[in-house]
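Here is the structure we will look at, set down as C-alpha cells.
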Amino acid sequence: MTAYNAPIRDMRFTLNHVVGLPQVASLPGFEEVTPDLADTVLEEAGKLARDVLAPLNWVGDQEGATLENGSVRTATGFKDAYWKYVDGGWNAVPFDPEFGGQGLPWTLALPIQEMWTSANMSFALCPMLNQGAVELLQAHGSAQQKQTYLEKLISGEWAGTMNLTEPQAGSDVGAVRTKAVPGENGTWLITGQKIFITYGEHDFTDNIVHLVLARTPTAPAGIKGISLFVVPKFLVNEDGSLGARNDLRCAGLEHKMGIHASPTAVMAYGDHGGAIGYLVGEENRGIEYMFTMMNNARLGVGLQGVAIAERAYQQALDYAKGRIQSRALTGKDPNPVAIIKHPDVRRMLLSMKSQIEAARALVYYTAAALDNAHRHNDADARRKAAALNDLLTPITKAWSTDLGVELTSLGVQIHGGMGFIEETGAAQHYRDARIAPIYEGTNGIQANDLVFRKVLRDGGAAAGELIAEMKEIAAAASAGAGDDLATMGANLSAALQALEQATAWVVQTGKADPTAVASGAVNYLRLFGVTIGGFLTAKAMLAAQEQLMQPGADAAFLDAKMITGRFYADQILPTTAGLLQPILAGHRSVMALAEDQF
C-alpha cells in the first residue's frame with residue numbers, strides 16, 4: 001500500500017475559491033480563523049494523517065479488533081495513535097470553547113476529518129461517532145448532562161457512540177424493543193440488545209458514553225414512542241471520577257467485509273436487572289434528538305466516500321506511473337511505457353480525480369451552510385442556510401458514498417490483476433468504502449428523505465433557490481473565455497434543465513402518487529448530485545481562470561483545474577440526460593412485477 005499525502009493544495013483551493021471559507025471566517029465567533037491559521041491547521045493535520053494514522057491502515061485491516069473476556073483489544077498501534085490525536089487537541093476542533101473546544105468552523109473541521117479518514121477509515125470512525133454525540137448533548141442535553149460528559153467527550157478522554165439498530169428492526173427505527181423503566185433518583189433501567197454499534201467497546205478510553213434509543217412503559221407504538229438515554233459504560237461520581245461498571249457489555253464483534261479495525265459491537269444492556277440510563281430531554285422525543293447526531297454522522301459518512309476515493313486515487317496514480325506495460329499507441333518506439341500513457345487508464349484516473357474534487361466541494365459546501373445556519377448575523381440568512389443544509393445532507397451522504405464505491409472500484413481496475421491481490425492494498429479501499437452507502441441510513445433511505453422530507457415538504461422552494469444560484473454560475477461559465485468554460489456552461493445548463501423538470505415532477509406527483517416518486521428517488525438524488533458537482537466544478541474553473549490572468553500564477557496547477565473541470569463537463573454532466581426518463585417513468589415497471597414473478 002502506498003503512502004498517503006493529504007491533498008492540502010486542492011483542499012485549500014476548494015475552501016478559499018469554491019465554498020467560501022473567507023466568508024465563513026467572517027461569521028461571529030470565527031474571527032480568529034485567518035488564512036495563516038487555516039493553513040497551519042491543515043499542514044499539521046496532514047502530518048498526523050501521513051506519519052501516524054496512514055501506516056496503521058494495512059495493519060488494522062489484517063489484524064482487526066478482537067474480543068477477549070468481554071474486553072475489546074484494538075489493532076496494534078491504534079490506541080497509541082488515538083492518544084497522539086487527542087494530545088494534539090484534534091478531537092476538540094469544532095466544539096464549544098465553554099467545554100474545552102476550539103470553536104473552529106465545520107468548514108475547516110471537515111477537511112481535517114477527511115485526512116483522518118483517507119489515512120485510516122477504521123480509526124476515523126471513533127472520532128466521527130464521538131463528534132455526533134457531542135453535537136447531540138450540546139443541543140438537547142440537560143445542564144447536568146453537559147457538565148458531566150461534554151468536557152471529556154470533547155477532549156477525547158472519553159468516547160461516545162450511537163445505539164439505534166436492533167436485530168429485528170434494521171433501518172426501521174420505530175420497531176426497536178429495548179426497554180427503559182423508571183429507576184431510583186430519576187434514573188432509568190435499560191434492557192435490550194443493540195447491533196452494529198461502531199466502537200461500542202474498545203480500549204482507547206476509560207469510559208464510553210452510549211446514547212441509546214429505548215421505549216418507556218407508557219410509550220405509544222412506532223417511531224413516536226422512542227426516548228433517548230445516556231448510558232455510560234462506567235457511572236460517573238459527583239466529583240467527575242469513574243464509579244461502578246454499568247450493567248452493559250459487548251456480546252460480540254461482527255466479522256465484516258471491510259473496516260476490520262473498527263470494532264462493530266453487539267451490545268447487551270441489562271443482563272443483571274438493567275443498565276442505568278439518564279433521559280435526554282423529554283420522553284418520546286428520542287428520534288427528534290437522535291437526528292441531530294444522525295445528520296452530523298451523515299455529513300461525516302458522505303465525507304468518507306470522498307476520503308476513501310482520494311486514498312484509492314493516490315494509490316492508483318502511483319501504480320499507473322510505475323507500471324510499465326505495452327507500447328504507446330502512437331510513435332514508432334516499440335518499448336513498453338507506463339500505463340498512465342494509455343488513454344483508457346487516463347480516462348479512469350480523470351474520472352476519479354474530477355468526481356473526487358466535485359464531491360469534496362459538495363461536502364465542504366454543505367459544512368459552510370451548516371456554519372452559516374448556526375452563526376450568521378441575519379435571521380433570514382440563517383434560515384436559508386439551514387434549509388440549504390437540510391437539502392444537501394442526504395445528497396452529500398448518498399452521492400458521495402456511491403462515488404466512493406465506484407471510484408475505489410476504478411482504482412482496483414487501474415491496477416489490473418494486481419488490484420485483485422490483497423497485498424497491493426487497492427482491494428482494501430474498495431472493501432472499506434462499501435459500508436458507507438449502507439450505514440447512517442441506506443442511500444435509498446437518503447433518496448426518500450430528499451424527495452419526501454426536503455423537496456415535497458417545502459414545495460421545492462429550497463431546491464428552486466439552489467437551482468437559481470446554479471443557473472447564474474452556468475451563465476457565468478458560458479460567458480467566460482475559452483472553450484472549456486463554454487462547454488461547462490452549456491452542459492451544466494442542460495443538466496439544470498433536467499433537474500428542474502424532475503423537481504417539478506416530484507412536487508406535482510409526490511402527494512398523489514408517492515410510490516411513483518419513491519421509485520425514481522435514487523435516480524433523482526443522483527441527478528441532483530451530478531448537477532451540484534457540475535455547479536461547484538464550474539465555480540472552481542471560473543476561479544482558476546481568474547487566477548491564471550494574475551502575474552505569478554501557478555499555471556500548471558490552475559491548468560489542471562481547467563482540464564479536470566472540462567473532463568467533468570464532457571464525461572460526467574452528460575450522464576444526467578439518461579437519468580431523467582427513469583425518474584419520470586421508471587415506476588411503471590418497478591411496481592408492475594408481482595412478488596412471485598421475481
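A few comments on the model shown:
- Computed extension gain for residue 571 through residue 559, at 0.36 nm per residue and net of the alpha carbon distance, reaches 2.5 nm.
- Projected onto its three principal axes, the C-alpha set of segment 450-494 covers 41, 13, 10 Å, listed from the longest axis down.
- Amide hydrogen neighbours beyond the local backbone of residue 72, cut-off 5 Å, H modeled: 202
- Considering only 292, 109, 436, the residue lying farthest towards the positive end of the dipole of the chain is 436, judged by Cα position with unit charges set on Cβ.
- Packing around the peptides 416-425, 16-25, 385-394, taken as the average count of other Cβ atoms within 10 Å per residue, puts them in this order, highest first: 385-394, 16-25, 416-425.
- At a probe radius of 1.4 angstrom, the accessible area of the chain per residue rounds to 40 square angstrom.
- Theoretical ellipticity at 222 nm over the chain - DSSP helices of four or more residues, -39500 (n - 2.57) apiece, nearest 500: -17500 deg cm²/dmol
- Ranked from largest to smallest solvent-accessible area, with a 1.4 Å probe on the protein heavy atoms, 561, 79 come out as 79, 561.
- When the residues 357, 98, 500 are ordered by accessible surface, computed with a 1.4 Å probe over the protein chains alone, the sequence from largest down reads 98, 500, 357.
- Intensity falloff of segment 242-306 expressed as log10 I(q)/I(0), Debye formula with alpha-carbon point scatterers, at q = 0.20, 0.24, 0.26, 0.29 Å⁻¹: -1.11, -1.08, -1.07, -1.08
- Largest accessible area first, the listed residues 96, 172 line up as 172, 96 when surface is computed with a 1.4 Å probe on the assembled protein chains.
- For the pair segment 99-167 and segment 208-222, the centres of their Cα atoms are 21 angstrom apart.
- For segment 170-195, backbone nitrogen atoms closer than 18 Å to the point 7 Å from residue 218 Cα along Cα-to-C-beta are found at 179-189.
- ³J(HN,Hα), Karplus 6.51/-1.76/1.60, whole Hz, each residue of segment 549-555, x for Gly, Pro: 7, 8, x, x, 5, 7, 4
- Once all protein chains are placed together, residue 430 keeps about 80 Å² accessible to a 1.4 angstrom probe.
- Projecting label points 7 angstrom from Cα along Cα→Cβ for residue 483 and residue 244 puts them 7.8 nm apart.
- Heavy atoms of residue 231: accessible area, 1.4 Å probe, square angstrom to 10: 0
- Sorting 40-49, 530-539, 215-224, 432-441 by their mean Cβ neighbour count within 10 Å, with the most densely packed peptide first, gives 530-539, 432-441, 40-49, 215-224.
- FRET efficiency for the pair residue 378 and residue 272, taken as 1/(1 + (r/R0)^6) with r the Cβ-Cβ distance and R0 = 41 Å, rounds to 0.15.
- Distance between the 7 Å Cα→Cβ label points at residue 40 and residue 59: 3.0 nm.
- Residue-span extension gain [residue 468 to residue 318] - 0.36 nm each, minus C-alpha spacing: 50.0 nm
- With every protein chain in place, segment 291-372: carbon and sulfur % of accessible area (1.4 Å): 55
- Packing-based order for 548-558, 177-187, using average beta carbon neighbours within 10 Å, highest first: 177-187, 548-558
- Here segment 183-222 is scanned for amide nitrogen atoms under 16 Å from the site 7 Å beyond the Cα of residue 83 along Cα-to-Cβ, giving 202-207.
- Sulfur and carbon atoms: percent of accessible area, segment 1-115 [1.4 Å]: 49
- Karplus-derived 3J(HN,Hα) values for segment 415-432, using 6.51 cos²θ - 1.76 cosθ + 1.60 with θ = phi - 60°, are 6, x, x, 5, x, 8, 9, 4, 4, 6, x, 5, 5, 4, 4, 5, 5, 5 Hz; glycine and proline are entered as x.
- Alpha-carbon geometry of segment 252-350: the Rg and the Dmax are 25.0, 80 Å, given in that order.
- Between segment 519-596 and segment 281-309, the alpha-carbon center distance in angstrom: 26
- Integer Hz, Karplus 6.51/-1.76/1.60 couplings in order for segment 172-184, x for Gly and Pro: 7, 4, x, 8, 5, 10, 3, 10, 9, 10, x, x, 8
The values are calculated or read from the model by the stated rules, or taken from the named source; none is laboratory data. These numbers were taken from a predicted model, which means no experiment stands behind them. In this analysis, Cβ positions are derived from the backbone assuming ideal geometry, glycine residues included, and neighbour counts consider all displayed protein chains. Each accessible area value is taken on the protein alone, full model and side chains, heavy atoms only, with ligands, DNA and RNA left out. Shrake-Rupley method; radii C 1.70, N 1.55, O 1.52, S 1.80 Å.
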